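Here the structure is laid out as structure tokens; the discussion comes afterwards.
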Amino acid sequence: MIIRKFDDYLEAEWLRQMRSPKPVSLITCDVDNFRNYNDTYGHRAGDYCPVKTADIIKGSLHRVSDIGARYGGEAFAVIMPETDVKGAPHVAERIRDGLEKMRLPRRKTPVETGSRDDRDTK
């Protein structure tokens, strides 16, 4: 998905969420060390890594309203309308699990998940 379209969708869902009691969740995924990965394993492997990462993210989303996109060099993001702070970590875990199973050669770095409910900070 094109970043501009992703930003527009996020803004629309955020505004819709502000008018209704239904939540919207955002997952961000940062794939560390893309440049080092390219340098270590070559550009062909470096080109394959974000494509495969996007495939795993897309495959982890089960609802048509959930969308994911590459959001910059090493970053990916997922918008999940009507998904609350209890549901979002389950999707993040599916993504994390898929990335772990991808078994790309890499240095030992942890794959972590977490969540936060901004409604608690108001």
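Here, each number is a calculation from the coordinates, and none is a lab measurement. Everything quoted here is computed from the prediction, not taken from an experiment. All Cβ positions, even for glycine, are placed from backbone atoms using ideal geometry, and neighbour counts span all protein chains on display.
General remarks:
- Sorted fewest first by neighbouring Cβ atoms within 10 angstrom, C29, C49 come out as C49, C29.
- Residue-by-residue Karplus 3J(HN,Hα) for segment 10-17, coefficients 6.51, -1.76, 1.60, Hz, glycine and proline x: 4, 4, 4, 5, 5, 5, 4, 5
- Ranked by the mean number of other Cβ atoms within 10 Å of their residues, highest first, the peptides 80-92, 6-18 come out as 80-92, 6-18.
- Greater than 25 Å apart at Cα, pairs in K58/K101; K58/K86; K5/K58; K22/K52; K5/K86: K22/K52; K5/K86
- Residue exposure proxy: S65, S20, ordered by other Cβ atoms within 10 angstrom of their Cβ from fewest to most, comes out as S20, S65.
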